[in-house]
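Below: the structure, in structure tokens.
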Amino acid sequence: MLSQAEREMVVRSWRLVVPIADTAADLFYRRLFELRPDYRAYFPEDMTGQKKKLVHMLAFIVRSMDWPDSAWNDDVSPDEDLFLVVLALGRRHTEIYGIPDEAYAPVGEALLWTLDYGIGKDFDAQLRSAWARLYGLVARVMKMGVRSIADRSKAGAQAGGRS
Amino acid sequence: MDRVPVLAGTLDETDLEGLVEMMTLFRQLSTVELESPAGAPEGTLWMKSGQVIDVIAGDLTGLDAVRYLVGRPGSYTVYRIEGVIDPTTQPLMRGTELLQVISELKTDSARLQHSTGLQRRGALPDESATVVSAAATAALVEPADASARQAAPSVDASAATSQPQSGDAAEQPPEHTTPLDTVSAPRLRDGSPPDSAETEPASLTALPAAVPPPPRAPSTPAPAPPAARAPSTPAPAPLPAPAPMRMPPPLTPAPGRAFAPSPPAAPPPAAPRAAAAPAPPPVPAAAGPRWATPAAPPPPAARPAPVALRAGPPAPGPARAPSAELEHSASGPHGPILAVFANKGGVGKTTIAVNLSVALVRRGLEVVLVDADPRNDVGNALAARKDTSRGLYDVLDGTVALADVLLPTALPGFAILPAGGLNLPEDVFARVSAQPERIAALLLALARPNTIVVVDSPAGLRGVSYSVLSASTHALAVVQAEPLAVRSAALVPRVLDGIPANHRPALAGVVLNMFDRRVAASLAVLDGACEIFGAEAVYDIPIPRAGVFIEASANGAPVALMDGSGGTTAGFIFESLASHVLARLGLSTPKLSDLRLL
Ligand code: HEM
Ligand SMILES: Nc1ncnc2c1ncn2[C@@H]1O[C@H](COP(=O)(O)OP(=O)(O)O)[C@@H](O)[C@H]1O
Ligand SMILES: [Mg+2]
């Protein structure tokens, strides 16, 4: 369970990642392919775009953690809705990129390693577990993506988001 | 109000707890509808933005409904609801609080089942939680039955202990930080609310009576009561019928939770905006191993004026200085700007920036230490007694004047500009961080002749660090004497080379930090650094790993000012480093005669 304090911690720590986001993306994939060289084959030859998309998505996820309780009743459009976005993202991962569920574990490990490396001493046990919880939750929703009852006709359009 | 199915599955794969946890990511109004294995509707949970709006199961609502629903087998469907909630509605509790309750109930029912020897119906994937037989669960949740209440000791106890608090809470502001017990107590207690309650809208969340209990009308679908807290809403808009009603008492909307009609249909979900967002300027494709070669970052989009690399007359003034107080920056000669940087955090940038600055000041130079790292560590390292919550980032934002946040120190000639920005919202912070021109103009404004600006950069070589580097005349690289750190330091020269020549700072040297002569790896690192940067760039006095730095940072003092415990030695090392740096900056150490006190 991701507590409010943990959400805030994640948001604050993201500030430290923003200035090094591109380096972090480099490090993340380097670490991932160190852990699982076989996963390289899932990705395109040129990783430039992929790195950007990952950073954008992480930024979106973190931003979605950052609103006050008092804003609970604000109108949020479906394409800004963390749950719906992540669910659709997960479905693309399973159905289009062919990512098996077990791949989320090494990817999570690489992510934590990258944050540890990039954030340095501030990445203490508490912050680590906050990120681990967030990742776990996002990964869980992504894995549910295949079960989503999305309008199939939109699936193609959404997959167009990749390139 | 439309509902759009989003997700469906069975509760043995994902139980209520798992569902609620995932649904905390929903910002939209959403519901989970639960059905028994036979397909009969069991209940509905309403959530939005991590808040639980209501839980309904038959004529049970709130925590009673939760107690009924926990551990029941069956299936679920998650819906997204297109519609808005009446603004006067107060959520029942946070999703995290509900999760707490559910997990307690799960443990309780597991315990109860164990002690009464009830038969297992099945086990949840989570082996800590056991599904109780339907009969036992029903007994647990039958709210009218006093003995049954005793069967759920923990919830009842919490309600009881919170009883006095609920009274207190009435006096408190209606913040939604109310402990769960306080919020839940009224629903568990469920007496008839005094009518007067409705005249006290200020304490809706805290007052027991403020949330009117659901109509207990098992046999009649209660006529929707007047929307207590939504007098402007003429009729409580019907809740979307949660699945075909095959359950005896039809679900009724909880009073006071009126839902306004749907606004014009929301657009269909599109591809995530994040993925579709305009890409930042393209990064040249890297050559060689994908991970090892950093692509040269794009040059800052627009710069007011190229920064003169050495002290001297700068190029013509900026077309447009960001603010009046930064205006003078462009005219006249300016002092050096030295960026202390590294592509890794925790290697000692701040320690070195602070102690080097102090050593330079002790040599008679004027120094402004600028903290460009949003961690605001300079203020922390010096245990500032002054307010460091505002600083560089606020000046960049234009909301604060430079003069108001430039802090003088106890050492004459030494001023500090904290990073600040602690009160800036995330989006503003991101925007001001992405303004290389303003960062350059600000540093130039500080770099008056005879002043050295030392900048403590954030970790990394891009973003703010890149802006700082390209606005600096000189750069001092910090490398931790540790093998992995040196490998990543290999990126540094390439990044510097990638900065357009007219913005490229001169490498004022490479400092090895946390050096330990007894460790072979440390020596290997020294060799490695010489190989990467050229032996002449690497200072021959590495900074030892020493307890005094930790002590100094614990005390918030620069090491040079510490007596005993090695402070003098460490201070000496920085004095020596200062000489090297001055030589690199093309400035000579002031003559001894200039340092005479009298
Ligand atoms: C929290 C976890 C993850 C996040 C936030 C994430 C994010 C993204 C994003 C934003 C994209 C861009 C395309 C799109 O939006 O559909 C993408 C594509 C991709 N991701 Fe992930 N991902 C995650 C987990 C994983 C995992 C576990 C793998 C397994 C190796 C993986 C492999 C891929 C692949 C192969 C692509 C497609 C590349 C292409 O062909 O263009 N991702 N991911
Ligand atoms: N030479 C050293 N010996 C021992 N500890 C050090 C040394 N240099 C820095 N430290 C400690 O390491 C930590 C990180 O240093 P810091 O200057 O904050 O790094 P950065 O600015 O790169 O994040 C601090 O706790 C600091 O006290
Ligand atoms: Mg620092």
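The table for this structure:
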| item | result |
| --- | --- |
| Residues that are among the charged types (D, E, K, R), closer than 25 Å to residue A:4 by Cβ and within 11 Å of chain A (Cβ to nearest Cβ), drawn from region B:49-101 | B:80, B:86, B:94, B:97 |
| Conditions (1) more than 8 Å from chain B (Cβ to nearest Cβ); (2) closer than 30 Å to residue B:422 by Cβ; (3) charged (D, E, K, R); number of the one not met by residue A:91 | (2) |
| Flag for residue B:525 being modelled with pLDDT of 75 or more, within 18 Å of residue B:485 (Cα to Cα), in contact with a helix residue (DSSP H, G or I) (Cβ under 8 Å, 6 or more places away or on another chain) and surrounded by 15 or more Cβ atoms within 10 Å (Cβ to Cβ) | yes |
| Candidate set from region B:358-394 (those that are part of a loop (DSSP other than H, G, I, E, B) and of a type in the set (Gly, Ala, Ser)); member that is nearest to ligand 3 (Cβ to nearest atom) | B:372 |
| Test: residue in region B:396-419 that is outside any strand (DSSP E or B), within 16 Å of ligand 2 (Cβ to nearest atom) and either among the charged types (D, E, K, R) or within 14 Å of chain A (Cβ to nearest Cβ) (or both) | yes |
| Failed item in (1) of a type outside the set (Lys, Arg); (2) away from every other protein chain (no Cβ under 14 Å); (3) outside any helix (DSSP H, G or I), with residue B:443 passing the rest | (3) |
| Matching option when the condition is free of Cβ contacts under 8 Å to residues at least 40 places away in the same chain and either within 7 Å of chain B (Cβ to nearest Cβ) or under 15 Å from the mean Cα position of the chain (by Cα) (or both), among A:79, A:74 | A:79 |
| Any pair with Cβ under 8 angstrom, 6 or more apart, that starts in region B:534-548 at a residue that is within 13 Å of ligand 2 (Cβ to nearest atom) and ends at one that is of a type in the set (D, E, K, R) | B:544/B:516; B:544/B:517; B:545/B:516 |
| Test: residue in region A:64-72 that is under 18 Å from residue A:142 (Cα atoms), within 11 Å of ligand 1 (Cβ to nearest atom) and out of contact with any His (no Cβ under 9 Å at 6 or more places or on another chain) | no |
| Residue count, region B:335-357 (criterion: in a helix (DSSP H, G or I) and either within 14 Å of chain A (Cβ to nearest Cβ) or surrounded by fewer than 24 Cβ atoms within 10 Å (Cβ to Cβ) (or both)) | 4 |
| Residue A:18 being more than 9 Å from chain B (Cβ to nearest Cβ), within 15 Å of residue B:426 (Cα to Cα), among the aliphatic types (A, V, I, L, M) and assigned to a helix (DSSP H, G or I) | no |
| Leading residue by the ranking (farthest from residue A:119 (Cα to Cα)) among those in region A:25-37 that are facing chain B (nearest Cβ under 8 Å) and under 16 Å from the mean Cα position of the chain (by Cα) | A:29 |
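Okay, residues lined up against (1) away from ligand 2 (no atom under 16 Å from the Cβ); (2) among the hydrophobic types (A, V, I, L, M, F, W, C); (3) modelled with pLDDT under 95; (4) within 24 Å of residue B:79 (Cα to Cα):
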site: A:41; (1), (2), (3), (4): yes, yes, yes, no
site: A:53; (1), (2), (3), (4): yes, no, yes, no
site: A:64; (1), (2), (3), (4): yes, no, yes, yes
site: A:92; (1), (2), (3), (4): yes, no, yes, yes
site: A:134; (1), (2), (3), (4): yes, yes, no, yes
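The values are calculated or read from the model by the stated rules, or taken from the named source; none is laboratory data. Remember, predicted model here, so these are calculated numbers, not experimental data. Cβ sites come from the backbone with ideal geometry, for glycine too, and all protein chains shown count toward neighbours.
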